[in-house]
Number of protein chains: 2
Amino acid sequence: MQTYRAPLEDFRFVLEVLGYDAIHALPGYEDYDLETVLSLLSQADTFCREVALPLNRVGDKKGVTYDPATCTVTSPPGFRELFRKYVDAGLLSLGHPTEFGGGGAPHAVALFINEMVTATNKSFSMCPGLTQGLIEAITHHGTDDQRSRYLPKLIGGEWTGTMCLTEPQCGTDLGLLTTKAVPDGDRYRLTGTKIWITFGDHDYCDNIVHLVLARLPDAPAGIKGISVFIVPKLLEDGTRNGITCTGLEHKMGIHASPTCVMSLEGAVGELVGEPHRGMKAMFTMMNVARLNVGLEGVALGEIAYQTAVAFAKDRRQGRAMDPEKRERGAAADNILVHPDVRRMLLEVRSTNEAMRSLAVFTAIEIDRAAKHTDPAQRERGEDLAALLTPVVKSFCTERGFLNTSECMQVLGGSGFTADWSIEQYLRDLRIAMIYEGTNHIQALDLVGRKLPADNGRSYKTFAALVRAAIDRNADNTAIADIVTALRDSLATLDQLTQWLGSREVDGEVVGAVSSAYLNVFALTALCHQWVLQTEIASKREGRFYEGKLKSARYFVHHVLPRIESLAKVVRAGKRHIMAMSADEF
Amino acid sequence: MQTYRAPLEDFRFVLEVLGYDAIHALPGYEDYDLETVLSLLSQADTFCREVALPLNRVGDKKGVTYDPATCTVTSPPGFRELFRKYVDAGLLSLGHPTEFGGGGAPHAVALFINEMVTATNKSFSMCPGLTQGLIEAITHHGTDDQRSRYLPKLIGGEWTGTMCLTEPQCGTDLGLLTTKAVPDGDRYRLTGTKIWITFGDHDYCDNIVHLVLARLPDAPAGIKGISVFIVPKLLEDGTRNGITCTGLEHKMGIHASPTCVMSLEGAVGELVGEPHRGMKAMFTMMNVARLNVGLEGVALGEIAYQTAVAFAKDRRQGRAMDPEKRERGAAADNILVHPDVRRMLLEVRSTNEAMRSLAVFTAIEIDRAAKHTDPAQRERGEDLAALLTPVVKSFCTERGFLNTSECMQVLGGSGFTADWSIEQYLRDLRIAMIYEGTNHIQALDLVGRKLPADNGRSYKTFAALVRAAIDRNADNTAIADIVTALRDSLATLDQLTQWLGSREVDGEVVGAVSSAYLNVFALTALCHQWVLQTEIASKREGRFYEGKLKSARYFVHHVLPRIESLAKVVRAGKRHIMAMSADEF
């Protein structure tokens, strides 16, 4: 049984709490007032439930297939049509520039669309996801000519995009990359092997545009000698370019998403941006992708939660411990009477709602950075988006994985069977902790790059916002416990952040403690979101707002205490991690 | 790539640390001195690596198949032969009574065999696992006649066994069971539907002996009206009995282990034990099974760890942060130089070695209870085994699942592909958190049943042992930090245990906090095992013993701090868990 209904009431509330009005007021976003956005999201919800979701299990069971004779990939039944319908519904183009046929919607709006599509068909969602990333890269780093040749086709869904980074010997360490690009007239010829190329080949449309990292003949060694190229599957005259899918990976999940080995044999490519400066374009693409990957944890956690609640409301097993809560005449009560079933559901809900809020908060900062007329506001937006993106990517994917597993546990044995699909969600989600930079790479990005940048400016901006929320609610007795918890968490985070900037912290210490530190940061950031939400919810009446207060309190008293243990682990430093010699493992 | 080598050196050390000599001295175990045991384990290791492991991936890919025309299950290629070889190697009979053809080995020894078989082929291991449980049940609750008719065939591997508890409407709450047993001469006729019956049908051998829970016509309602019956697939005259497999579940993992729907239509059965007292026999079977299920987390965590280490030693990516650790002339260092790779491996190793130790500790107490001549020692054994079994089952399966996921993370993208099999280990292991009583049921068993029994006698026995280890090492400066950590943990556990027995703790509070409490208990128990191991390791020299000290220190400073957060969550009680009304979820 697969069940999903987008949490539209939560979407509305999050936009309201995070001050979406200010984003709508920015030049370029005037068309997207809150009611228009909610109407769009409601339509997208219907599309996802009625069109994308019914194909999700088919995709998992049938998977993609590869024909070695033709070197082509075939989608599971219905997926080609799904892509067409998705494009026709305007969901691909929504967040892209209007001058190339896009809808021009804010990132914060596109994010909700991504959540819904991912929740209902994660394998499928990866194709438009990568295409979106490619569009961002060409928009920011391409020439006018490249923009005009590629963007309308990509935004219009006539072509799709990929990101070709990884090679057999190089994943996290892109400096080891060996694919070569040799000048040939005004173009280049690329040769090499790329692996783990998502939607490297498929049958959704005829042409695929690959963004390929490679080295020019005069390139410096390492990461500073990487250039980026556009390599289309079909050349302008319609003939096949020398880039071919030579095989598929067999994976734990996302079976309907082809993970391709791509062979380049003198493939024609054109340079994007400056020679040897490819990593810059790649990071543009990856930062947007990383926020969306973080959201995958929210999306699959949400559909798993809804499935677990539906099961729990139907399943009767055992009696309530409190005799007054027992249903008269029934042989057993609904399992929602059992404290541990509630505990599991609240673990998921109290984290997932705050994670969604944090992801939207980050997207709003991206919108602020993109459109605000005040340079100080743009700087704030850039700082916060840069700081929070690795936090969202890492924390939300790991917690989402645990949340989906917790939802499986609510179903007992049924959760392990294919009947309820949670086992598919769990398998599909696991990769999110790995791709787009493993979660530890996110932690290194946070501690090694984002914290020290500009003398710690972005952290100061974040901490000031948190402190403002605390101060604003200093006398708000309705949420005193939540505010106090945030104050304590921020004190811990401040102290650890300061320590990380101290002399005793060398590179190995950063490597040793950054994953735990990221979790302290994330828990504090989620608590901040809960203060923002309950600041408003506490002033309103109705079940939705009461639910917010209850979720927030569960978070504060049952999830947040983890910070203390994590802080202790951060303070333990590297000593016991580096003590073992390599051959002792 | 699948790689496994049983950690025989650790097996030896654990037996030595836990005083196996005293078990070997018990009447009946004289043949199993330490060297004999280690020789047996070494042979079993070879068998598991060379015979069981090569079939593991085949089993996952091909799975079991069901033919609706004949209502029979067919195993993946090679599994039938594997079972025969397993029986011929003496691995099935090893731990069973010699009077019925068994090897008479201590439980502690059989446990290691189970770890190795599970690590190398979990799907397969479930068939002998259930057969072992059935043997225990008939040994303890059958008549002499039943023992002589069934035990030699089961111990000899001519027949196998199942446990038929679950029905569509009843899983955790067995009181809802409706399968009927009607007297028919000196036998009974059983009618009903059972689900999730592991190895309910297969082709390893001709006959299958089902242990079936059912109600007699005069049975009281609920859990006190359940009787247990032996229902063989083939009757004594060789004809088919009325118990049939009518379908298989499609599951996330353990694809080579058939999970059957069994239909009983007037099937002939014989009563085991007294009418309406079936739960007692069932618990005998389940307690042994629960310890072995806990061990599944250790087994798959171990093979995943070995796989991750093999990958990490081969993979080069990035440079060591400390320039002195960089390999000269190489473009990249082995990933073991990276602190976070070490952190992940140490998370797994420092918990898994202690979990194995705790499981063996429990098995040794079972042996003490079974064979000791001193009633006080038998009581101690019974108390500790009863107390620790739910801790091992719950903690080791959950932590094993997380550990296997952590090992996948070490491999990055490769871990998500089928190439390295960790994704299979993760899928195969997830069910262990659910079956044989979900992990929360274990927590309720611990807090609601085991702690209060006999005025808290078993907890007092456990705490006294822990305190003795602390006192014995009060002046042992070599492990002062480990001993201090155990003292602090025990103080927390003592305090929470006392609170659980207080008046303010009602049934709902128990339900709300018992899962977190179990984790506090488990972490303390693991720390106790580390003190026992390092008490000896600190007095010896050599890499193995140094590794023990380093693992223990990682555990104490990086894993154990979790206790503080968990204690805070326990103290938060039920308030925020019970606050939400059912329709607010």
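Any read-out appearing in this document is the output of simple, stated calculations on the displayed coordinates, not a laboratory observation. Note that the structure is predicted; figures quoted are calculated from it, not measured. Here the Cβ positions follow ideal geometry from the backbone for every residue, glycine too, while neighbour counts run over all protein chains shown.
Segment B:285-342 and segment B:89-128 have Cα centres spaced 28 Å apart.
In terms of its C-alpha gyration tensor, segment B:8-158 has an oblate overall shape, because the principal axis ratio a/c (a ≥ b ≥ c, square roots of the eigenvalues) is not below 1.5 and a/b does not outweigh b/c. Using the rule -39500 (n - 2.57) for each DSSP H run of four or more residues, divided by the residues of chain A, the 222 nm mean residue ellipticity is -18000 deg cm²/dmol.
Taking amide H as placed 1.01 Å from N in the peptide plane, the amide H of residue A:161 sits under 5 Å from that of A:131, A:209, each at least 5 places away or on another chain.
Over all other residues within a Cβ to Cβ distance under 10 Å of residue A:327, the charged ones net out to +4, with Lys and Arg as +1 and Asp and Glu as -1.
Distances between copies of residue B:27, taken at a point 7 Å out from Cα along the Cα→Cβ vector and listed shortest first: 9.7 nm. The Cα atoms of segment B:160-276 give a gyration tensor whose axes a ≥ b ≥ c have a/c of 1.5 or more with a/b no greater than b/c, which makes the shape oblate.
Using the average count of surrounding beta-carbon atoms within 10 Å as a protection proxy, the listed peptides B:573-581, B:124-132 rank, highest first, as B:124-132, B:573-581. Averaged over the residues of peptide A:552-564, the number of Cβ atoms from other protein chains lying within 10 Å of each residue's Cβ is 4. For the peptide A:206-217, the mean number of other protein chain Cβ atoms found within 10 angstrom of a residue's Cβ is 0. Per residue of peptide B:339-352, the mean number of Cβ atoms on other chains within 10 Å of the residue Cβ is 5. Annotation: lysines with alpha-carbon distance below 26 angstrom to residue A:548 (same-chain offsets under eight excluded): A:313, A:325, A:393, A:539, B:568, B:574. Between residue A:480 and residue A:468, the contour length at 0.36 nm per residue exceeds the Cα-Cα span by 2.8 nm. Each copy carries a label point for residue A:3 at 7 Å from Cα along the beta-carbon vector; from one copy to the others these points are 4.6 nm apart, nearest first. Within the same chain, lysines fewer than 8 places from residue B:62 are excluded, and of the rest, those with a Cα less than 16 Å from its Cα are A:61, A:62, A:251, B:122, B:251.
Placing +1 on the Cβ of every Lys and Arg and -1 on the Cβ of every Asp and Glu, with no other charges, gives segment A:161-277 a dipole of roughly 300 debye about its Cα centre. Computed 3J(HN,Hα) for segment B:228-244, one whole-Hz value per residue from the Karplus formula 6.51 cos²θ - 1.76 cosθ + 1.60 where θ = phi - 60°, is 10, 10, 8, 10, x, 5, 10, 6, 4, 7, x, 7, 6, 7, x, 10, 9, glycine and proline marked x.
In this structure, the amide hydrogen of residue A:251, modeled 1.01 Å from its nitrogen in the peptide plane, lies closer than 5 angstrom to those of B:418, counting only residues at least 5 positions away or on a different chain.
Per-peptide packing, taken as the mean over residues of other Cβ atoms within 10 Å, places A:559-570, A:532-543 in the sequence A:559-570, A:532-543 from highest down.
For chain A, the relative contact order works out to 13 percent when only alpha carbon pairs closer than 8 Å and six or more residues apart are counted. Assuming charge only on the beta carbon of Lys and Arg (+1) and of Asp and Glu (-1), the dipole of segment B:331-387 about its Cα centre is about 100 debye to the nearest 20. Rg and Dmax, both from the Cα atoms of chain B and both in Å, are 24.1, 84. The same position residue B:239 in the other copies lies at 7.8 nm from this copy, comparing label points 7 Å beyond Cα toward the beta-carbon, shortest first. Each peptide in B:418-430, A:493-505 receives the mean, over its residues, of other Cβ atoms within 10 Å, and ordering these scores from highest gives B:418-430, A:493-505. Restricting attention to the protein assembly as shown, close to 80% of DSSP beta bridges with both partner residues there are antiparallel.
Copy B relates to copy A by a rotation, and the B residue whose beta-carbon is nearest that axis, with the distance in whole angstrom, is B:565, 2. In this structure the amide hydrogen of residue A:246, modeled in the peptide plane, comes within under 5 Å of the amide hydrogens of A:261, A:262, A:263, none closer than 5 places in sequence on its chain.
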